[in-house]
Amino acid sequence: MASQTSSNSNNFVLDMVSDVCRVEGFNVEKNVQADDSGDHFVDIIASRTTGKKIQKVAFECWEGDRQVNGREVEGFVNRLKSAGLSSGIYVSPKGFTGDAEFIARKLGVELWDLAKLKERVEKIKPPEQQKVPGTLPVSRTVASRILAYGLENGSVLRLTSMPKLEFRPYFFADFTLNHGKKRKAKGVIVFDGVDGRECDAGLFEGELKNLPGSGLFVDCLEIESSTGSMPHLPPELEMKNTVTVAPAGVAEDSIRAHTGEIIGRESGAHPDDISVSDIKLLHIPIVTAELVALGRSYRKILQAATSKVIWDETRKCNLCDKATQAICEECGKVVCHEHTRLCSSCRKHLCTECVTTKGVINKSPLCHSCKK
Ligand SMILES: [Zn+2]
Ligand SMILES: [Zn+2]
Ligand SMILES: [Zn+2]
């Protein structure tokens with residue numbers, strides 16, 4: 001996995017170690033200054049909070065062709081001290097000299113050679129190898145939906161980190177509603193498999209009024225699911241480092257009962273007239289992306305099998321509640337048509353709060369830099 005994407009970069013070891021740390025729940029900072037002098041750096045500082053404790057581990061990643069020696073291990077320990085860190089791991093796929101091992105033991109730092117590193121990487125592979133029943137592939141249009149979607153100057157938005165991809169379980173419960181011997185309706189209700197929440201519903205035939213449907217998930221039924229391992233992701237979304245599979249937390253029996261209750265409630269039918277025929281578990285890819293424009297951040301969540309937007313903070317004007325048209329290139333607010341102005345000189349998009357004007361009669365809108 002990581003080795004495929006990084007083998008041709010110079011930071012092969014650094015990237016691999018970062019992957020390992022992230023999968024194990026650490027926050028990763030790269031190339032961190034160790035002290036105030038400005039010339040001592042630590043390659044990676046990984047930190048993770050468990051309860052009230054913050055665990056911090058520093059990594060030195062050697063990318064060179066020879067073994068790391070004792071002097072280098074010592075140097076690393078000194079940088080750790082100046083950064084006030086107590087645990088450190090020196091990673092060198094080419095291994096360590098004898099005195100390096102001796103010094104590491106003496107000063108209490110851990111050494112990872114290629115075997116050790118591989119062992120760690122193998123550990124984080126399970127999400128990819130694991131057989132996930134009924135897993136839907138990620139749609140190729142997801143990348144364009146995440147970035148620059150629906151705004152005139154959407155390219156001002158930047159991803160703050162790699163989008164997160166989660167394969168989340170959903171139950172699709174097929175139901176039939178009869179009246180005596182006559183079939184009245186047939187459809188499906190979709191439940192979140194983690195918390196049992198009702199997410200969507202659809203009718204295949206007949207009529208049933210208040211069936212709660214968001215339309216966000218039902219169309220997933222039309223996609224061929226993959227039976228093997230994790231489906232391939234579009235190459236634009238190199239999210240291999242951030243893929244997780246959420247475990248189902250609800251039993252099929254309770255989904256069955258819940259489906260019966262919902263249909264009963266909405267139709268007023270006798271329980272004997274309602275049957276739940278089939279319950280299918282599907283893992284649907286959900287992508288969460290954090291975007292930023294001039295210091296303002298926006299979150300987007302997509303049902304990534306058919307690229308439907310579940311949540312999008314860039315869709316509502318920051319100054320009123322209307323649908324947005326553009327991002328202000330001075331303050332980063334997303335604004336609607338009424339709150340958008342164009343700088344008459346440089347054509348930058350501005351919000352009504354950031355625009356200035358020039359002239360008395362024909363007030364022409366200008367951005368701050370064009371007014372100077
Ligand atoms: Zn507005
Ligand atoms: Zn503005
Ligand atoms: Zn301008």
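Any residue at all in region 358-370 that's within 15 Å of ligand 2 (Cβ to nearest atom), surrounded by fewer than 19 Cβ atoms within 10 Å (Cβ to Cβ) and free of Cβ contacts under 8 Å to residues at least 24 places away in the same chain?
Yes; the residues of region 358-370 include at least one that is within 15 Å of ligand 2 (Cβ to nearest atom), surrounded by fewer than 19 Cβ atoms within 10 Å (Cβ to Cβ) and free of Cβ contacts under 8 Å to residues at least 24 places away in the same chain.
Using the structure shown, decide if Ser267 is modelled with pLDDT of 75 or more, surrounded by fewer than 17 Cβ atoms within 10 Å (Cβ to Cβ) and more than 30 Å from Ser139 (Cβ to Cβ). Let's see the steps before the verdict.
Values: modelled with pLDDT of 75 or more: yes; surrounded by fewer than 17 Cβ atoms within 10 Å (Cβ to Cβ): no; more than 30 Å from Ser139 (Cβ to Cβ): yes.
Spelling it out, it is not the case that Ser267 is modelled with pLDDT of 75 or more, surrounded by fewer than 17 Cβ atoms within 10 Å (Cβ to Cβ) and more than 30 Å from Ser139 (Cβ to Cβ).
Taking Ala289 as the residue in question, decide whether it is away from ligand 3 (no atom under 14 Å from the Cβ), outside any strand (DSSP E or B) and open to solvent by less than 70 Å² (accessible area, probe 1.4 Å). Explain how you work it out, then say what you get.
Working: away from ligand 3 (no atom under 14 Å from the Cβ): yes; outside any strand (DSSP E or B): no; open to solvent by less than 70 Å² (accessible area, probe 1.4 Å): yes.
No; evaluated as a whole, the condition is false for this residue.
Just to verify a result, which residue in region 314-364, among those that are of a type in the set (Lys, Arg) and in contact with an Asp or Glu (Cβ under 9 Å, 6 or more places away or on another chain), is farthest from ligand 1 (Cβ to nearest atom)?
As a first pass, look at region 314-364 and keep what is of a type in the set (Lys, Arg): 315-316, 322, 333, 341, 347-348, 358, 363.
Checking the rest, the ones that are also in contact with an Asp or Glu (Cβ under 9 Å, 6 or more places away or on another chain) come to 322, 333, 348.
On the way: Lys322: 5, Lys333: 9, Lys348: 18 Å.
Among those that are of a type in the set (Lys, Arg) and in contact with an Asp or Glu (Cβ under 9 Å, 6 or more places away or on another chain), it is Lys348.
State whether the residues of region 343-355 include one that is of a type in the set (A, V, I, L, M) and out of contact with any Lys or Arg (no Cβ under 6 Å at 6 or more places or on another chain).
For region 343-355, residues of a type in the set (A, V, I, L, M) and out of contact with any Lys or Arg (no Cβ under 6 Å at 6 or more places or on another chain): absent.
Just wondering, is there one or more residues in region 327-337 that are within 15 Å of ligand 3 (Cβ to nearest atom), at pLDDT 90 or above and over 26 Å from the mean Cα position of the chain (by Cα)?
yes
Of the numbered conditions (1) in contact (Cβ under 8 Å) with a residue 60 or more places away in the chain; (2) outside any loop (DSSP other than H, G, I, E, B); (3) open to solvent by 50 Å² or more (accessible area, probe 1.4 Å), Glu329 satisfies every one except a single condition; which is it?
Of everything listed in (1) in contact (Cβ under 8 Å) with a residue 60 or more places away in the chain; (2) outside any loop (DSSP other than H, G, I, E, B); (3) open to solvent by 50 Å² or more (accessible area, probe 1.4 Å), Glu329 misses just condition (2).
With respect to Ser82, is the statement that it is over 20 Å from Cys21 (Cβ atoms) and either surrounded by fewer than 18 Cβ atoms within 10 Å (Cβ to Cβ) or β-branched (Val, Ile, Thr) (or both) true? So that I can check it myself, show each step before the final result.
Working: over 20 Å from Cys21 (Cβ atoms): yes; either surrounded by fewer than 18 Cβ atoms within 10 Å (Cβ to Cβ) or β-branched (Val, Ile, Thr) (or both): yes.
So Ser82 passes the test.
Scan region 223-245 and give yes if some residue there is at pLDDT 80 or above and among the aliphatic types (A, V, I, L, M), otherwise no. Spell out the reasoning first.
So the first thing to find is which residues in region 223-245 are at pLDDT 80 or above, and the list is none.
No, because not a single residue in region 223-245 is at pLDDT 80 or above and among the aliphatic types (A, V, I, L, M).
Hey, Arg347 hits all of (1) under 29 Å from Leu159 (Cβ atoms); (2) away from ligand 3 (no atom under 16 Å from the Cβ); (3) part of a loop (DSSP other than H, G, I, E, B) but one; which does it fall short on?
Condition not satisfied by Arg347: (2).
With respect to Lys280, determine if the residue is basic (Lys, Arg), within 16 Å of ligand 2 (Cβ to nearest atom), open to solvent by 50 Å² or more (accessible area, probe 1.4 Å) and within 30 Å of Leu211 (Cα to Cα). Explain how you work it out, then say what you get.
Details: basic (Lys, Arg): yes; within 16 Å of ligand 2 (Cβ to nearest atom): no; open to solvent by 50 Å² or more (accessible area, probe 1.4 Å): yes; within 30 Å of Leu211 (Cα to Cα): yes.
So Lys280 does not fit the description; no.
Checking Val334 against (1) in contact with a Phe, Trp or Tyr (Cβ under 8 Å, 6 or more places away or on another chain); (2) away from ligand 2 (no atom under 11 Å from the Cβ), which single condition isn't satisfied?
(2)
Considering only residues that are out of contact with any Phe, Trp or Tyr (no Cβ under 7 Å at 6 or more places or on another chain) and open to solvent by less than 10 Å² (accessible area, probe 1.4 Å), which ones fall in region 306-323? Break it down stepwise before answering.
Step one: filter region 306-323 for residues out of contact with any Phe, Trp or Tyr (no Cβ under 7 Å at 6 or more places or on another chain), giving 306-312, 315-323.
Result: Ser307, Cys317.
Which residues, counting only those in region 57-83, are part of a loop (DSSP other than H, G, I, E, B) and more than 32 Å from the chain's Cα centre (by Cα)?
Here is the first cut: in region 57-83, the residues part of a loop (DSSP other than H, G, I, E, B) are 62-67, 69, 83.
Scanning region 57-83 gives Gly64, Asp65, Arg66, Gln67, Asn69.
Does Thr340 fit the bill of being within 13 Å of ligand 2 (Cβ to nearest atom) and over 30 Å from Pro247 (Cα atoms)? Explain how you work it out, then say what you get.
Working: within 13 Å of ligand 2 (Cβ to nearest atom): yes; over 30 Å from Pro247 (Cα atoms): yes.
So Thr340 fits the description; yes.
Pull up region 345-357, narrow it to residues that are without any contact (Cβ under 8 Å) to a residue 24 or more places away in the chain and surrounded by fewer than 19 Cβ atoms within 10 Å (Cβ to Cβ), then point me to the one that is nearest to ligand 2 (Cβ to nearest atom).
First pass over region 345-357, keeping only residues without any contact (Cβ under 8 Å) to a residue 24 or more places away in the chain: 347-348, 350, 355-357.
After this cut, where a residue has to be surrounded by fewer than 19 Cβ atoms within 10 Å (Cβ to Cβ) as well, the list is 347, 356-357.
Values: Arg347: 15, Thr356: 11, Thr357: 14 Å.
Ranking the candidates gives Thr356 first.
Identify, by number, the condition in (1) more than 12 Å from ligand 1 (Cβ to nearest atom); (2) without any contact (Cβ under 8 Å) to a residue 40 or more places away in the chain; (3) in a loop (DSSP other than H, G, I, E, B) that Thr306 doesn't meet.
Checking Thr306 against (1) more than 12 Å from ligand 1 (Cβ to nearest atom); (2) without any contact (Cβ under 8 Å) to a residue 40 or more places away in the chain; (3) in a loop (DSSP other than H, G, I, E, B), the one that fails is (2).
Please verify whether Ser275 is open to solvent by 40 Å² or more (accessible area, probe 1.4 Å), part of a strand (DSSP E or B) and closer than 27 Å to Thr141 by Cβ, treating the condition exactly as stated. It would help to see each step written out before you state the result.
Details: open to solvent by 40 Å² or more (accessible area, probe 1.4 Å): yes; part of a strand (DSSP E or B): yes; closer than 27 Å to Thr141 by Cβ: no.
So Ser275 does not fit the description; no.
The values are calculated or read from the model by the stated rules, or taken from the named source; none is laboratory data. Being a predicted model, the structure only gives us computed values, none of them experimental. All Cβ positions, even for glycine, are placed from backbone atoms using ideal geometry, and neighbour counts span all protein chains on display. Just so you know, the surface numbers come from the protein's heavy atoms only, side chains and all, with ligands and any DNA or RNA stripped out. Shrake-Rupley method; radii C 1.70, N 1.55, O 1.52, S 1.80 Å.
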